[in-house]
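Below is one structure, written out as structure tokens; comments come after it.
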Amino acid sequence: MGIDKHSKDVCSHRHAFFLDNFLRKIFQNPKKIVGTYINEGDTVVDLGCGPGYFSIEMAKMAGNSGHVYAVDLQKEMLEITRKKAERQHLEERMTFYHCAADSIGMPDSLKADLVLAFYMVHETPDHIKFFKEIKTFLKHQGKCLIVEPNFHVTKKQFNKMKTDILDIGFTILDSPPKKGGRSLLITH
């Protein structure tokens, strides 16, 4: 999302190791960040999944009856995620979805219980369009967890995003602490 005019801002697949290694689990443990929002059987969307750091763990949390859509702009990131899923025998409960630079483009039939946008909204060329599109595939009263890095997104920018999210018709449920950055839990 946002490779056109923001391609310098999209983390390249060449840096996948930095996004998925044992040290990261110390500071950004997926179970601590999203575990309380995922139940057995849930449909979950990981936007900007990168090398599957969250996607793989979310597939385990959603269980055999759940499903995870790992979504990324870079086909190389999706291939890394797919290979990890195969090694852990999780590929049956996952869909690897290549999005366009200007649209997520999820199927109309999708109704997600949880959408995760971790460290990626700032990479989108139009966050208002991005959130409007999330609203189309987030189940009514489903949740979307947004976490943005303090080192990329100022408090002023984050507050503007909050205002825009409310204007689109979302409700802010929480600003959960200890998620690794500026965070919001929203629903509609």
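Miscellaneous remarks
- Only listed residue being under 16 Å from MET106 (Cβ atoms) and in contact with a helix residue (DSSP H, G or I) (Cβ under 8 Å, 6 or more places away or on another chain), chosen from LYS135, LYS179: LYS135
- When THR95 is tested against (1) under 15 Å from ALA112 (Cα atoms); (2) more than 15 Å from the chain's Cα centre (by Cα); (3) of a type in the set (S, T, N, Q), exactly one condition is not met: (2).
- Output for segment 83-94, where each listed residue is surrounded by 17 or more Cβ atoms within 10 Å (Cβ to Cβ) and either of a type in the set (Asp, Glu) or part of a helix (DSSP H, G or I) (or both): LYS84, ALA85, ARG93
- Set LEU116, LEU73: member being touching a residue at least 24 places away in the same chain (Cβ under 8 Å), open to solvent by less than 10 Å² (accessible area, probe 1.4 Å) and out of contact with any Pro (no Cβ under 6 Å at 6 or more places or on another chain): LEU116
- Residues (under 19 Å from THR95 (Cα atoms), part of a loop (DSSP other than H, G, I, E, B) and among the polar types (S, T, N, Q)) located in segment 106-157: SER109
- Flag if THR136 is of a type in the set (Ser, Thr, Tyr) and either more than 14 Å from VAL45 (Cβ to Cβ) or open to solvent by 50 Å² or more (accessible area, probe 1.4 Å) (or both): yes
The values are calculated or read from the model by the stated rules, or taken from the named source; none is laboratory data. Owing to the predicted nature of the structure, the values given are computational and were not obtained by experimental measurement. So basically every Cβ, Gly included, is an ideal-geometry build from the backbone, and we count neighbours across all protein chains shown. The area values use the complete protein model at the heavy-atom level, side chains included, leaving out ligands, DNA and RNA. Shrake-Rupley method; radii C 1.70, N 1.55, O 1.52, S 1.80 Å.
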